[in-house]
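To start, the structure under review is shown below, and the notes come after it.
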Amino acid sequence: MPPSFLLVKTSSLGDVVHNLPVVSDLTAQFPGCTIDWVVERAFAAIPELHPKVRAAIPCELRRWRREIFQGDTWRAISALKARIRSTEYDAVLDTQGLLKSALVTRMGRGQRHGLDWKSSREPLAPFYDQVHEVPWGRHAVQRNRELVAKALGYPVPATLTYGIEAPSIESVAGDAAAPRDPERPWLPSTQLHDWLPERPFGVLLHASSAESKLWPVHQWKKLIAHLDGEGFTSVLPWGSPHEKEAADHIAAGLRGATVPPSMNLRTLAAVLGRARFCIGVDTGLTHLAAALGRPTVGLYVTTDPDATGVYAPGIASNVGTKGHPPSLVDVLSALKRVA
């Protein structure tokens, strides 16, 4: 009988994307295996894009931590534990390596695996049945793959496969009419066909929760003007009123820029899949674009791309690094290489 596995990687968005190749590795090594995945509800749409994930089991650890003394929180935690324990897995694999993920891993029935003390930020060995050393310095994608390969005794495959495809525009069109859900980001407000550009377009992911990661507005404006001259419309998604204001500011006065309505994660994935390319700051959505196979340029202003840069050999390029933001020439040269 094929084995069953439970993956624990709850957040953030970029980290969840970086865990997708683990699913592809497991299904290549263990044909017919069953894979479930515990993930923050807000990011559940990402593992759901992988056809080999049987169930994305939603949790809300971030909210529960804020509301730990409320009765509803403990009832929700009990329900999560009951759902996880309803299946006996051959292995429960924590690729996150944090206390919150270790606590979830402990709920699982099966051999529990995690990082050893030298390989994680917290001493979590008591939560696992087996721990494994995965040296620092590797990209997060490779660390995830190496941990699971060591846990289950196979060599890391030479081929990197995220294993996801963007939903079709037709399949998400109905999402635009869905009721608004305060727990879900990027909520839709109109039909996609009402605003999708007629020209070929690129997606510019300009927003980040960390102001220090942002690329200057004047650089975005110059980039949009250049892309317009090349025949491309620039789409600037947003996920909050503040980001909407920023997108409007960048697009102001530029005929080649479009600020779409708000979108949920699945709808945005469909739009990314239709884009000719993506250019984005250090945010999980930029990693999602690359995982969907879009030519992608990652812009790094205050972070180092070596460990968590956009990782998709052949179709992705990172420009800039900590303390050295990329220039417009850097970005256009990188876009030419990948697209």
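Within 10 Å of each residue's Cβ, count the other Cβ atoms and sort Val310, Val156 from fewest upward.
Arranged by neighbour count, lowest to highest, Val310, Val156 become Val156, Val310.
Among the listed pairs Lys9/Lys81; Lys9/Lys213; Lys222/Lys336, give every one whose C-alpha distance is greater than 22 Å.
Lys9/Lys213
Sort Asp25, Asp15, Asp129, Asp116 so the one with the fewest other Cβ atoms within 10 Å of its own Cβ comes first.
Result, fewest neighbours first: Asp129, Asp116, Asp15, Asp25.
Among 294-303, 71-80, how do they line up from the highest to the lowest mean number of other beta-carbon atoms within 10 Å?
294-303, 71-80
Determine, for Glu146, Glu230, Glu67, the number of other Cβ atoms within 10 Å of each Cβ, and report the residues in order from fewest to most.
Glu230, Glu67, Glu146
Per the helix-only calculation at 222 nm, which mean residue ellipticity applies to the chain, given -39500 (n - 2.57) for every DSSP H run of n ≥ 4 and division by its residues, nearest 500 deg cm²/dmol?
Counting only the DSSP helices, I get -10500 deg cm²/dmol.
For the ranges 271-279, 118-126, what's the packing order if you count other beta-carbon atoms within 10 Å of each residue, average per peptide, and put the highest first?
Per-residue mean Cβ counts within 10 Å order the peptides as 271-279, 118-126.
Against the longest alpha carbon principal axis of the chain, how many degrees, from 0 to 90 and to the nearest 10, is the axis of helix 328-338 turned?
60 degrees
For the chain, with the dipole built from +1 on Lys and Arg beta-carbon atoms and -1 on Asp and Glu ones, taken about the Cα centre, which of Gly71, Gln142, Gly229 lies farthest toward the positive end?
Going by the charge dipole, the pick is Gly71.
What are the lysines whose alpha-carbon lies under 16 Å from the alpha-carbon of Lys118, with same-chain residues fewer than 8 places away excluded?
Cα-Cα hits under 16 Å: Lys150.
Give, as a single signed number, the net charge of other residues whose beta carbon lies under 11 Å from the beta carbon of Val310, with Lys and Arg counted +1 and Asp and Glu -1.
Cβ neighbours under 11 Å give a net charge of 0.
Can you tally the net charge around Gly273? Count Lys and Arg as +1, Asp and Glu as -1, for every other residue whose Cβ sits under 9 Å from the Cβ of Gly273.
+1
Quick one: net charge of Leu99's neighbours, Cβ under 12 Å, K/R +1, D/E -1?
Net local charge, Leu99 excluded: +2.
In debye, nearest 20, what is the charge dipole magnitude of the chain about its Cα centre with +1 on Lys and Arg Cβ and -1 on Asp and Glu Cβ, if you could check?
Once rounded to the nearest 20, the dipole reads 320 debye.
Once you have all Cα-Cα distances for segment 203-339, histogram them in 5 Å bins from zero and send the whole-percent values.
Calculated P(r), rounded to whole percents: 2, 11, 22, 26, 23, 13, 3, 0.
FYI, it's all coordinate maths here, none of it is from the lab. Keep in mind that what you see is a predicted model, and the values were worked out from it rather than measured. Glycine also receives a Cβ, built like all others from the backbone with ideal geometry; neighbour counts cover every protein chain displayed.
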